[in-house]
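All remarks here apply to the structure that follows.
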Amino acid sequence: MTEPVLKVENLSKKYGDTLVWDQVNAQVMPGQVISIIGPSGAGKSTFLRCLNMLETPTSGKIFYHDQEVTQMKDKELQSLREHVGMVFQNFNLFANMSVSDNICLALKKVKGLDEAAAKDKALALLKQVGLADKADSYPSSLSGGQQQRVAIARSLAMDPEVILFDEPTSALDPEMVGDILKIMQELAEQGMTMVVVTHEMSFAKNVSDEIWFMADQQILEKGSPASFFQKPQTERAQDFLDKVLNL
Ligand SMILES: Nc1ncnc2c1ncn2[C@@H]1O[C@H](COP(=O)(O)OP(=O)(O)OP(=O)(O)O)[C@@H](O)[C@H]1O
Ligand SMILES: [Mg+2]
């Protein structure tokens with residue numbers, strides 16, 4: 001039987017007295033692409049950040065395969081984050097390093113590659129995202145879309161099993177969005193397991209295997225894109241879709 005890559009059990013998160021979401025249960029199977037959608041403030045980013053413990057849940061458990069993530073200490077968390085990569089809305093590149101060095105850093109530090117091997121791998125990854133000619137540039141000289149492609153290449157450098165994406169296109173000019181979505185679609189087609197918080201309904205509908213609709217302090221609906229977009233089960237989701245699809 002196939003086991004989930006990630007699983008959460010009765011997960012709750014509070015900031016002070018504010019409950020973000022309560023008693024969430026969910027799992028991600030190998031090769032699945034999950035889109036998390038829902039209104040602003042529903043706790044989508046918080047949920048994603050909990051999955052690799054950039055935020056600490058208040059109660060409940062998270063598992064990566066059979067390892068309990070919620071029990072892990074610093075060293076294990078570092079290793080977890082190699083397997084469970086993350087791509088952020090604002091790219092989070094190191095501004096004082098070239099594109100190539102942004103990718104090489106972890107290859108040397110974490111993967112133990114020497115300079116030459118790290119450079120080779122960085123270049124191959126930059127080719128994959130269409131940026132081989134930018135290896136020596138600095139992030140500030142790249143467009144937002146190009147910076148996000150570097151961030152994806154950097155995440156891929158760890159050979160992650162899962163990548164978490166938090167609104168990877170929402171800080172981009174509209175003409176850059178398609179490039180990033182295309183790279184994400186290619187990754188999905190190559191079998192990468194992905195959990196994507198997104199406002200891009202076409203991506204959610206056409207690329208993901210499952211939609212999680214987060215609202216009212218829970219994952220209110222889980223379902224196939226076809227059933228969710230044709231006939232959501234709750235009025236809350238219907239309202240949300242009416243708003244976002246009629247923009
Ligand atoms: N570090 C924090 N300290 C206190 N409250 C926080 C913190 N981070 C988020 N929150 C609150 O938790 C709730 C969920 O925030 P979160 O950013 O996860 O929502 P979201 O669904 O990602 O929203 P958006 O679609 O706008 O990105 C919000 O009410 C937010 O104000
Ligand atoms: Mg968010």
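The values are calculated or read from the model by the stated rules, or taken from the named source; none is laboratory data. Predicted, not measured: the structure shown is a model, and the values here were computed from it. Don't worry about glycine lacking a Cβ; one is built from the backbone with ideal geometry, like all the others, and counts go over all protein chains shown.
P225 satisfies every condition listed in (1) without any contact (Cβ under 8 Å) to a residue 24 or more places away in the chain; (2) farther than 21 Å from L11 by Cβ; (3) more than 16 Å from the chain's Cα centre (by Cα) except (1).
Quick check on region 79-96. Is at least one of its residues under 20 Å from the mean Cα position of the chain (by Cα), more than 15 Å from ligand 1 (Cβ to nearest atom), farther than 28 Å from L172 by Cα and not β-branched (V, I, T)?
We begin by selecting, within region 79-96, every residue under 20 Å from the mean Cα position of the chain (by Cα); these are 79-94.
Checking which are more than 15 Å from ligand 1 (Cβ to nearest atom) leaves us with 79-85, 91-94.
Among the residues that remain, those that are also farther than 28 Å from L172 by Cα are: 79-80.
Restricting the remaining residues to those that are not β-branched (V, I, T) gives 79-80.
Yes; the residues of region 79-96 include at least one that is under 20 Å from the mean Cα position of the chain (by Cα), more than 15 Å from ligand 1 (Cβ to nearest atom), farther than 28 Å from L172 by Cα and not β-branched (V, I, T).
Exactly one residue among V33, V5 is touching a helix residue (DSSP H, G or I) at 6+ places or on another chain (Cβ under 6 Å), under 21 Å from A204 (Cβ atoms) and either more than 16 Å from ligand 2 (Cβ to nearest atom) or not aliphatic (A, V, I, L, M) (or both), and that residue is V33.
Considering only residues in region 45-86 that are within 16 Å of ligand 2 (Cβ to nearest atom) and either in a helix (DSSP H, G or I) or small (G, A, S) (or both), the one that is surrounded by the fewest Cβ atoms within 10 Å (Cβ to Cβ) turns out to be T46.
Considering only residues in region 62-75 that are farther than 18 Å from K14 by Cα and within 19 Å of the chain's Cα centre (by Cα), the one that is nearest to ligand 1 (Cβ to nearest atom) turns out to be V69. Pairs are defined by a Cβ separation below 9 Å, a sequence spacing of at least 6 or placement on different chains, a first member in region 1-24 that is over 14 Å from Y64 (Cβ atoms), and a second member that is among the aromatic types (F, W, Y); the pairs so defined are S12/W21; K13/W21; K13/F47; V20/F47; W21/F47; V24/F47. If you scan region 87-103, which residues turn out to be out of contact with any Lys or Arg (no Cβ under 8 Å at 6 or more places or on another chain), crowded, with 20+ Cβ neighbours inside 10 Å and of a type outside the set (F, W, Y)? Answer for region 87-103, where residues must be out of contact with any Lys or Arg (no Cβ under 8 Å at 6 or more places or on another chain), crowded, with 20+ Cβ neighbours inside 10 Å and of a type outside the set (F, W, Y): just V87. Looking only at residues in region 144-171 that are within 20 Å of I37 (Cβ to Cβ) and more than 16 Å from ligand 1 (Cβ to nearest atom), the one that is modelled with the lowest pLDDT is Q148. Residue check: K127 meets all listed conditions (1) crowded, with 16+ Cβ neighbours inside 10 Å; (2) outside any loop (DSSP other than H, G, I, E, B); (3) more than 15 Å from ligand 1 (Cβ to nearest atom) but one, namely (1). For region 26-61, filtered to residues that are among the aliphatic types (A, V, I, L, M) and away from ligand 1 (no atom under 16 Å from the Cβ), the residue that is farthest from A237 (Cα to Cα) is M29.
Counting residues in region 225-245 that are closer than 28 Å to D159 by Cα, touching an Asp or Glu at 6+ places or on another chain (Cβ under 9 Å) and polar (S, T, N, Q) gives zero.
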